[in-house]
Structures are given as C-alpha cells and as structure tokens.
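Only one structure is covered here, and it is reproduced in the block below.
No value in this document is a laboratory result; all are computed from the given coordinates. The model shown is predicted, which means the values in this text are computed figures rather than measured ones. All Cβ positions, glycine included, derive from the backbone under ideal geometry; neighbour counts span all protein chains shown.
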Amino acid sequence: MGTNNSKTTHPHAVTELCEEGARLYARALRSGRISRADVDRAPCLLEFALLHPDPDDADWLRPVPASAALAQRLYPLEREIQERRHQTIALTDSFAPFIALTTQSQGTTHAITVLEGFDRINAALDSATADCRSEMLTVQPGGARPADALMEALERDKPLADRGVSIRTLYQHTARHSQSTLAYVERISDGRIQVRTLEELIERMIVIDRTVAFIPAGDDRSVALELRHPGLVRYLAMVFEQLWQRAVPLTEEVPNDIDPNGITGVQRSIAKLLIEGHVDEAIARRLGMNVRTCRAHIAKLAAALGSGSRAQLGYLVAQSGILELESPQSGEVSHT
C-alpha cells in the first residue's frame, strides 16, 4: 500500500535519484528488464517514468534508455530558458531609451555612495588616493591616533608625497603630545606635507583633488559616505579652508592664552561644552583627550571659579564672562 504513495516514501527529485532507485535502474539497463516485485523498493522509478511495462509480460518492466529520459526532461527546461531569454531581450529593449536618458542627464558617477565596513571603506580610500593628482585635505580629530591606523595612513599617503601631491592635515592640539603621530609626520613630510592643529575639530574628513570626499556616517566610523557631488565637495573644501586659517602650524608653539583668572584656552573650550550639557566622555572625545585629563581640567576650572559642585560650575561659567574671551583658535566653523 505504501508503494503507491511514492511522493511520501520517496520525496526526492529525479536529479537526486535515491541510492536504491539508482541501483535498480542501472540493473534494469544492464539486463534489459526488471521485475515489478523488485521495483516495489523504489517506486520513484515509475514516478519518474524511467521504467515502462513489458508488453510481453505484465510482471516485468523495461527501462527507458537514459538518453531518452534525459532528453524528455531537458526539453521543458530548454523551452523555459528560451522564453526567459526572449523576456530578457524584450526588457532590455524597453529600458534602453531610459538608460540613455539617465546617462545623458546624470552621467555615470554616483553623487553619494554608502560604504559599509572598514574593508570597503579602506578599499575606496586606496582607490581614490591612487588617482590623486594634485591635492589631499584631511581632518583627523581625536588626538593621538593608534599605531596601526598611522601605519595604514603612511602606506597610503607616502606615495602621494613622493610624487609631489600637496597634503594638508589638521590634527587637534593634543596630537602634539603623541610621539607616534609626530614620527608619522616626520616620515611622510620631507617638506611636502603641511600639518596644523586646532583645539577642537569637526569629524574626520578627507577631500581628494576637490572632486571626491569621504566623511563618516556613524559614531563608530564603520559606515562612511563617498561624496562626488561637486557642490558638496566644494562646500567641504571651504569648511577645511576656514579651519586651516584658524589652525596653528605644527612647527609653531600654540599661543599661551591664559586669562587673568588663570583659565587656559582648553579650559574655556571645556567650559563652553559644559554649559551646552555635554558629559565628560563627550567633551574628552570632542577635544581629543582622555577622560582623566578632561576631568583634571574641569577640576582646575572649578577651583579657578570657586565652584563647589557641577551645577554651580555651569552657573559660574555663564556668569564669569570667560567665554566672551574665547580664543580665535577654537574649532568653530563660521555660519556666515
């Protein structure tokens, strides 16, 4: 009874003929026939029409030649392939005029490309850097950079400097205390790279030949945007130039801008971020320093203003007028 329900007992396709079915089919081909009793163990052979009744003896079955069985199953597949090919040609013909219009109106360059994952980001950077011919502008916030990141940058940027490409880089003042960063600058520069520092910077940015720019699209920088829209790239280059004019060359000392109360420019920047409501970790990240250093500056600021609590410190900062003396070396970008 179970042998009549072949789909239940042998649920497989002809391309995956079961072991018993394959053995019996091969035996039938060799001998020219096989008994029905033997086939009960592999009802798939009848289901797939690989055997047919022996006209001379109802107890026996004869095999369909393998070439005939194959041709029988290939025919509908070939017909479907042919139909799909006709559909592909028809679709291509239908969209061809619109593709031509898109190419004429927009060109073939994507204005904004989302790059996900560090491997893809680095590959895009390497490709754009290899094509760089005249200028690269970079903003590298966050203070000291990890050694592996500096090594990657060295491998990517050194060939540019060697072939005369102008490279200008902005770091934060805290990078001046990083021996690895200073060593990187010394190895790559050889007079062909300019480095300046600011107290506070915008997020990381790279502009190449003023035709393509890269900016992060998330806090962890695992997603980036590759920008090729001329207006966007031009705007980012203008932002860089504003920051560059306010920055201090690495070869020069940062001006000693201590006010009469003994409050430094760094502490004024911290005070500004404090009254904006930023927590210590966010302030440290914005100024490219570790949290311990940031809190030490906050403590000195509180002592200078006579504050006994965090809440009182914000009030005293607002009342003291120290932010009105904020140095022009700050990293703010003018909105005018």
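Data table
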{"quantity": "Gain in span if fully extended, Ala282 to Ala90, counting 0.36 nm per residue against the direct Cα distance", "calculated": "63.4 nm"}
{"quantity": "Additional length obtainable on full extension of the chain from Ala296 to Ala58, 0.36 nm per residue less Cα span", "calculated": "75.7 nm"}
{"quantity": "Cβ-derived FRET efficiency at R0 30 Å, Val114 paired with Leu182, nearest 0.05", "calculated": "0.30"}
{"quantity": "Mean separation of Cα contacts under 8 Å (6+ apart) over length of the range 265-325, as relative contact order %", "calculated": "38"}
{"quantity": "Protection proxy ranking, peptides 286-293, 157-164, 52-59, average beta carbon neighbours within 10 Å, highest first", "calculated": "286-293, 157-164, 52-59"}
{"quantity": "Sorted by Cβ neighbour density within 10 Å, fewest at the top, the residues Cys44, Cys132, Cys18", "calculated": "Cys18, Cys132, Cys44"}
{"quantity": "Loop-located GluC sites (Glu not before Pro) in the range 209-258 whose Cβ has at most 12 other Cβ within 10 Å (DSSP)", "calculated": "Glu252, Glu253"}
{"quantity": "Highest-first arrangement of 198-204, 122-128, where packing means the average Cβ count within 10 Å", "calculated": "198-204, 122-128"}
